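The next block holds one structure in the form of structure tokens; read it before the comments.
The values are calculated or read from the model by the stated rules, or taken from the named source; none is laboratory data. Every value quoted in this text rests on a predicted model; they were computed, and no experiment measured them. With ideal geometry, Cβ positions are generated from the backbone for all residues, glycine too; neighbour counts draw on all protein chains shown. Areas reflect the complete protein model, heavy atoms only, side chains present, ligands, DNA and RNA absent. Shrake-Rupley method; radii C 1.70, N 1.55, O 1.52, S 1.80 Å.
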Amino acid sequence: MGEKCCFCEKIGNSLLKCSACGCVSYCNQICQKSDWKKHKKNCRSYKLVEVPGKDFGLVAVRNIKQGEALMKESPLLIQSKNVTEMKKGPSLLEQFENLSKSNQTNLLKLYHENPRDTLANRIQAIFIANACDVTATNATALYQTIPRMNHSCSPNVVWSWKARSPYIKEVRAVRDVEAGEELCTNYIDSFEATFSSTQDRQHLLQRWKFVCQCEVCSLPEDKKNENDLLRQKIALQHQLIPKYMANWKIEKAVEAAKMKVQLMKSIETQMMTTLPSAILELYEMCRLGQVLNTLVEDECEDLLKQAKERSEKLGDRFVHVFQQKMEQIEEECIEVALARQRTK
């Protein structure tokens, strides 16, 4: 028996699948266009599947381009990190009771260790295990689909908040993703954590009570040691930059920032979310070098372009960081230039 057209419901053996999600079929483009207004609400580039050794995960159902937004979600539950504010607002249980039945069901399917506990304790356990920080509002929030993304030390997606809507999380591809690939993000996405060793990252990930078996952590022992050594070298350059700048050794700082970016690019797929800031940091050192007339090379504009383009592909959070840093750099350059004039 053939498939049924999602619009006219006719049965056929050679129906066309939706190229975006691959989940529905149509007789022809006329049926597809006619059904789009209805289907676009459910058209996704991923699906939830069982993943060996990880329970469930999200897998791409089609090819996804770098920078493509594949998910936008509003939170189900929100909790302020400020104790006073937390006590003023509704409890997690009260928020849960105000959700629709379908959202309640989906929330309770998220990972927690004791499904036989009281409802209030289950919700608290789910929140602790699956919630994300909302830095702009000093809060933590729980989403329905985002917690289904598993961790990788070489992520292919990243989440960001939306400008003027800090609680909305948008997930974007940090590189091209092929159909069939699992969508994974980095749970410990900071300079210090990303540059740390396999052992240290595994320790940080214990908060979520799993052992990472991503492509980096599963490398043969000799390759894993090489990767750890490379991250150690990156961390060293990262630490040297502020030390050099504390004594205004600008040429040394530029050299360290260049080496840091060069090393990061040698394992670029593992560093996609931290590279924009690293490149912008190198731009900062070069701009200061120009102001102090100690920099011969003129690569500032290219660095700025790289950092801006990379930030834009990763989402509003990264664009915001880029803009804030740019303001800081320009203010810093003006102050240095004025101080230099006064000493003449």
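See the values below:
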| read-out | value |
| --- | --- |
| Condition broken by residue 201, with the remaining ones in (1) at pLDDT 95 or above; (2) surrounded by fewer than 16 Cβ atoms within 10 Å (Cβ to Cβ); (3) in a helix (DSSP H, G or I) satisfied | (2) |
| Filtered residue count, segment 75-99, keeping only those that are at pLDDT 95 or above, in a loop (DSSP other than H, G, I, E, B) and of a type in the set (S, T, N, Q) | 2 |
| Enumeration of residues in segment 116-164 that are over 27 Å from residue 312 (Cβ atoms) and aromatic (Phe, Trp, Tyr) | 127 |
| Residue pairs meeting the criteria (Cβ under 6 Å; at least 6 apart or on separate chains; first in contact (Cβ under 8 Å) with a residue 40 or more places away in the chain and within 30 Å of residue 219 (Cα to Cα), in segment 270-295; second open to solvent by 20 Å² or more (accessible area, probe 1.4 Å) and outside any helix (DSSP H, G or I)) | 273/189 |
| Filter result for residue 206 (at pLDDT below 95, among the polar types (S, T, N, Q), over 20 Å from residue 156 (Cα atoms) and part of a helix (DSSP H, G or I)) | yes |
| Residues within segment 302-313 that are closer than 12 Å to residue 326 by Cβ and either charged (D, E, K, R) or outside any helix (DSSP H, G or I) (or both), tallied | 1 |
| Filtered residue count, segment 8-51, keeping only those that are part of a loop (DSSP other than H, G, I, E, B) and modelled with pLDDT under 90 | 17 |
| Subset of segment 133-168 (residues that are open to solvent by less than 10 Å² (accessible area, probe 1.4 Å) and either within 18 Å of residue 79 (Cβ to Cβ) or of a type in the set (Lys, Arg) (or both)) | 134, 139, 141, 142, 143, 146 |
| Which numbered condition residue 319 fails, given (1) among the hydrophobic types (A, V, I, L, M, F, W, C); (2) closer than 18 Å to residue 193 by Cα; (3) touching a residue at least 24 places away in the same chain (Cβ under 8 Å); (4) in a helix (DSSP H, G or I) | (2) |
| Criterion (under 29 Å from the mean Cα position of the chain (by Cα) and surrounded by fewer than 12 Cβ atoms within 10 Å (Cβ to Cβ)) met by exactly one of 100, 45, 74 | 100 |
